[in-house]
Amino acid sequence: MLEADFLPVSGMQHMIYCPRQCGLIHVDREWEENRFTAEGRVLHERVDEGGEQEKSGVRHCYAMPLKSLSLGLFGVADCVEFHKIEKGIWHPVPVEYKRGKPKLIEADRVQLCAQAICLEEMLHTEITEGFLFYASPRRRETVPFDAALRELTRQTAMEYHSMMESGVLPKARYRKDRCDRCSLFDICQPKAKSARLWLQKRLSEDLT
């Protein structure tokens, strides 16, 4: 895959959360900010500054560039911790910072797993787990990179590339737990589009 065809790793989270949201952001280049996105931006201001520091024998590298040839992704890790295994050998662990609380869906875990795959390819190592830090409970969630999560991550990357190549946005589907918090709600208008699709389907059924 040519590097010109690489996609932002952040889009992996969007693809799982809502493929249409991903399309609006990465195909149509739409963006609006609301309270939730603003809180997330503020949370990332420190890590986006970059730099390194060492705490208790762990090196913290902020805003570390990432790239994966197998997934066709590029981006920046919020933080990569390097844990000392033995003299001269350090093991990388990706850490992603999120506002709010842990989600039931796999969106954040897939994004983190994609970062781990980038690091594995870049550093020729194997990474078994990473961390998601949530600002609301102010605690870490350990994410094991098992076979199921890795497969979901690779499948999501394929669907992400397919959507970008086609340029076709997925249809709107209203889901209260996701749509009402989305900054692109007014642009997407999922309630109106979902209602129109439902009406068209009912009319079609009545005609047959």
| field | Ala147 being under 19 Å from the mean Cα position of the chain (by Cα) and modelled with pLDDT of 85 or more | value | yes
| Taking interchain pairs and intrachain pairs at least six residues apart, which have beta carbon atoms under 8 angstrom, with the first residue in the stretch 92-103 and within 17 Å of His60 (Cβ to Cβ) and the second of a type in the set (Val, Ile, Thr) and surrounded by fewer than 17 Cβ atoms within 10 Å (Cβ to Cβ)? | Pro92/Thr125
| Can you tell me which residues in the stretch 1-17 are of a type in the set (A, V, I, L, M, F, W, C) and at pLDDT below 95? | Met1, Leu2, Ala4
| Got a sec? Which of Leu132, Leu119 is closer than 20 Å to Tyr62 by Cβ, of a type in the set (A, V, I, L, M) and not in a helix (DSSP H, G or I)? | Leu132
| remark: The number of residues in the stretch 89-126 that are closer than 19 Å to Ala157 by Cβ and of a type in the set (S, T, N, Q) is 2
| Contacts under 6 angstrom Cβ, first residue in the stretch 15-34 being farther than 14 Å from Ala107 by Cβ, partner acidic (Asp, Glu) and outside any helix (DSSP H, G or I), 6 or more apart | Leu24/Glu30
| query | What pairs can you find where one residue is in the stretch 72-85 and closer than 11 Å to Phe131 by Cβ, the other is outside any strand (DSSP E or B), and their Cβ atoms are less than 6 Å apart, with a gap of 6+ or different chains? | reply | Asp78/Val47; Cys79/Val47
| field | Filter result (of a type in the set (Phe, Trp, Tyr) and within 13 Å of Gln115 (Cβ to Cβ)) within the stretch 85-104 | value | Tyr97
| Matching residues in the stretch 55-105 - criterion: being assigned to a strand (DSSP E or B), surrounded by fewer than 17 Cβ atoms within 10 Å (Cβ to Cβ) and of a type in the set (Lys, Arg) | Lys55, Arg59, Lys67, Lys84
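The values are calculated or read from the model by the stated rules, or taken from the named source; none is laboratory data. In this text the structure is predicted, and so the values were computed from the model without any measurement. Please note: Cβ atoms are built from the backbone with ideal geometry, for glycine as well, and neighbour counts cover all protein chains shown.
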